[in-house]
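For reference, the structure discussed in these notes is given below.
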Amino acid sequence: RERLKTGQIPVTPPPTSPAVLHRLWAEIDKTVKQQVTMARMGIGECGTGWQLFAEDGEMKMYRREEEIDGMVVDPLKAVHVVKGITGHEVCHYFFSPKYRYDWETTLEHMTVLETISDDTLLFLQTHKRIWPASQREAVFWSHMRKLPNDQDRDGPDMWTVVNNSTEDESHPANSGKCVRIYLTVCLLCQTRVHPPKDGTPITRDNVSCKITYCSVVNPGGWAPASVLRAVYKREYPKFLKRFTTYVTNQTKNKPIMF
Ligand code: 16C
């Protein structure tokens, strides 16, 4: 990370990921910057109409009712604070295909179509069918990135994973039994460290992670609005609780990954 002396002007370091050479890179970089900017805004700062629809301890979930051509595309914004885990760990388990079947309960099948680089993958996923609608699938790139901590230069970095739908020539949309859905998802994580007063080493008791999860899913075709809203009201809280509990369990006896 860039170390600055007083008065020195910060410059954005050049991206070092080999993904910069890929045809999708310009779109990935632009989308990640936009999504992170939006995710960092508080619920009061990012437009009106946000309604709290689920709350459980530190977890709060908001949605905005929106429709395009009669299809529900309600944006979702969730915030959560989880003790004992870091942002790097949360993003690692969310990004890596190795763990996806462990926590993603709506998943039927996942394929990595292309490994663009260590931090950038192209996925094809089919999801469980919701009666009475057709089954859904998604093709999306997924990119994980470390972001400089501009609020506290000595504090841990922030981490993000952005997933965004894209096209893939070898998998044209709506050519099989599944309807293609279009998603934009941003997971943004900030680690907080509360050092022990007696100077003893930092343990998991001294860290917590603020998680922001933003998502917009276009169902891509007919699905009854009432069913869809009932499904996401149940599935998003279930996902965020299950996924964060999974990260807690996976990391509890491992060294802290900042
Ligand atoms: O972000 C999440 N997961 C990532 C890794 O998998 C990735 C995937 C996102 C897919 C989100 C939409 C999938 C919904 C398909 C159908 C749902 C089946 C429910 C089955 C119930 C038995 O970014 C975590 C994703 C958490 C998903 C919560 C569910 C959201 C439902 C939104 C409505 C979709 C329209 C379906 C039209 C029939």
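The values are calculated or read from the model by the stated rules, or taken from the named source; none is laboratory data. The structure displayed is predicted, hence computed values, not measured ones. Using ideal geometry, Cβ is built from the backbone for each residue, glycine included, and neighbour counts are taken over all protein chains shown. Heavy atoms of the whole protein, side chains included, go into the accessibility calculation; ligands, DNA and RNA do not. Shrake-Rupley method; radii C 1.70, N 1.55, O 1.52, S 1.80 Å.
Enumerate the calculated ³J(HN,Hα) couplings along the range 244-258 in order (Karplus 6.51 cos²θ - 1.76 cosθ + 1.60, θ = phi - 60°), each rounded to whole Hz, writing x wherever the residue is Gly or Pro.
These are the phi-based 3J(HN,Hα) values: 5, 5, 4, 5, 4, 5, 5, 9, 4, 9, 10, x, 5, 9, 7 Hz.
When DSSP assigns beta bridges and you keep just the ones with both residues in the chain, what percent turn out antiparallel, to the nearest 5?
Values: 61 of 63 bridges.
Bridges in the chain are about 95 percent antiparallel.
Quick one: what does P(r) look like for the range 40-101 with 10 Å bins over all Cα pairs, in whole %?
With 10 Å bins starting at 0, P(r) equals 18, 35, 36, 12, 0.
Suppose every K and R has +1 on its Cβ and every D and E has -1 on its Cβ; what is the size of the dipole of the chain about the Cα centre, in Debye to the nearest 20?
620 debye
Read phi for every residue in the range 207-220 and hand back ³J(HN,Hα) as whole Hz from Karplus 6.51 cos²θ - 1.76 cosθ + 1.60, θ = phi - 60°, with x for Gly and Pro.
Using θ = phi - 60°, the values come out as 10, 8, 10, 8, 10, 10, 10, 10, 8, 10, 10, 9, x, x Hz.
Give the Cα extents of the chain along the principal axes, in whole Å, largest first.
Its Cα atoms span 59, 43, 38 Å along the three principal axes.
Mind grabbing the accessible area of residue 38 for me, 1.4 Å probe, Å², rounded to tens?
My reading of the accessible area for residue 38 is about 100 Å².
Per residue of the range 168-180, in order, report the coupling 6.51 cos²θ - 1.76 cosθ + 1.60 (Karplus, θ = phi - 60°) as ³J(HN,Hα) in whole Hz, putting x for Gly and Pro.
So the Karplus estimates, Gly and Pro as x, are 9, 3, 7, 9, x, 5, 6, 9, x, 7, 8, 8, 6 Hz.
To make sure I understand the rule: partners must be aspartates and glutamates, Cα under 16 Å from the Cα of residue 254, and not fewer than 8 residues away in the same chain. Which ones qualify?
89, 205
Just to be sure I understand: if I project the alpha-carbon convex hull of the range 111-258 onto a plane and average over all orientations, what area do I get in nm²? Can you show the working numbers first?
Working: hull surface 45.1 nm².
For the range 111-258, the mean projected area of the Cα convex hull comes to 11.3 nm².
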